[in-house]
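*Asks:* Please see the structure below; I have some questions.
The values are calculated or read from the model by the stated rules, or taken from the named source; none is laboratory data. Here the structure is a predicted model, which is why all the values come from computation and not from measurement. All Cβ positions, glycine included, derive from the backbone under ideal geometry; neighbour counts span all protein chains shown.
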Amino acid sequence: MKDPKLFLVSAPSGAGKSSLIDAVLTSAKQSDLALELSISYTTRSPRKGESNGNQYFFISEEDFINKKNANFFLEHAEVHGNWYGTSVDFVESKLSSGINLILEIDVQGFRQINKLDIKYESIFILPPSIYSLEERIKSRGDEDLEAINLRLKNAKDELAYANEYKHIIINDLFDDAERELFQIIAQEKQLNREKTEEVQQFLAQLLSY
């Protein structure tokens, strides 16, 4: 195994990013690959089944702003009316301990890190279609119509940034997408799909809706 790396994984809401990451974490455990998911700070309220220090560190907006002003975060962004941020110390401690780290991040956060002197691999997950994207967002059932429409708008806007990432994965067949994501993270082979004709044509189709 090569030196531990930071992997920035982005996708529009509803593209299945979290499910893919969960599957890759399971595969990594079975393969004895030191891999963890970075735990971010957020001002949003915990959802059912979430607890502090597991899915997120849940803090007040006042606390978040104070940390932001103190340069506590590697990146931070306001998404859907809530703040999210990644601790510099958290990332550095994991990498120095020999642990590969996945940072599930939105486009705003990715572009902030892209300006820093830090090594990483970037991966963008595409949905199989705009229709499936809309259906997944609507089926969550934990938000009102206004919040759903905001997520749909943001999701479509984020697709325009896919080509800024080194790797692009189409989450059409889940097992294939999970295998490709694992291969990138395990550094088994160098995959760079953003320049392939197949991916570019598919992305153009998504952006045309």
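*Asks:* Evaluate the following for residue 114: is it among the polar types (S, T, N, Q), surrounded by fewer than 16 Cβ atoms within 10 Å (Cβ to Cβ) and in contact with a Phe, Trp or Tyr (Cβ under 9 Å, 6 or more places away or on another chain)? Quick ask: steps written out before the conclusion?
*Replies:* On the way: among the polar types (S, T, N, Q): yes; surrounded by fewer than 16 Cβ atoms within 10 Å (Cβ to Cβ): yes; in contact with a Phe, Trp or Tyr (Cβ under 9 Å, 6 or more places away or on another chain): yes.
Yes: the conditions hold for residue 114.
*Asks:* Mind checking which residues of the range 6-26 are farther than 13 Å from residue 104 by Cα and either touching a Cys at 6+ places or on another chain (Cβ under 6 Å) or surrounded by 18 or more Cβ atoms within 10 Å (Cβ to Cβ) (or both)?
*Replies:* 14, 23
*Asks:* Inside the range 130-165, can you point out the residues that are outside any helix (DSSP H, G or I), modelled with pLDDT under 80 and surrounded by 12 or more Cβ atoms within 10 Å (Cβ to Cβ)?
*Replies:* Passing the criteria: 140, 143.
*Asks:* Exactly one of these conditions fails for residue 103: (1) modelled with pLDDT under 95; (2) closer than 18 Å to residue 4 by Cα; (3) in a strand (DSSP E or B). Give me its number.
*Replies:* Against the list (1) modelled with pLDDT under 95; (2) closer than 18 Å to residue 4 by Cα; (3) in a strand (DSSP E or B), residue 103 comes up short only on (1).
*Asks:* Find all pairs meeting these conditions: Cβ atoms under 8 angstrom apart; at least six residues apart or on different chains; first residue within the range 185-205 and under 14 Å from residue 128 (Cβ atoms); second residue part of a helix (DSSP H, G or I) and at pLDDT 70 or above.
*Replies:* Filtered contacts from the range 185-205: 203/159; 203/162; 203/163.
*Asks:* Would you point out the residue of the range 110-125, among those that are assigned to a helix (DSSP H, G or I) and touching a residue at least 40 places away in the same chain (Cβ under 8 Å), that is farthest from residue 2 (Cα to Cα)?
*Replies:* The residue in question is 111.
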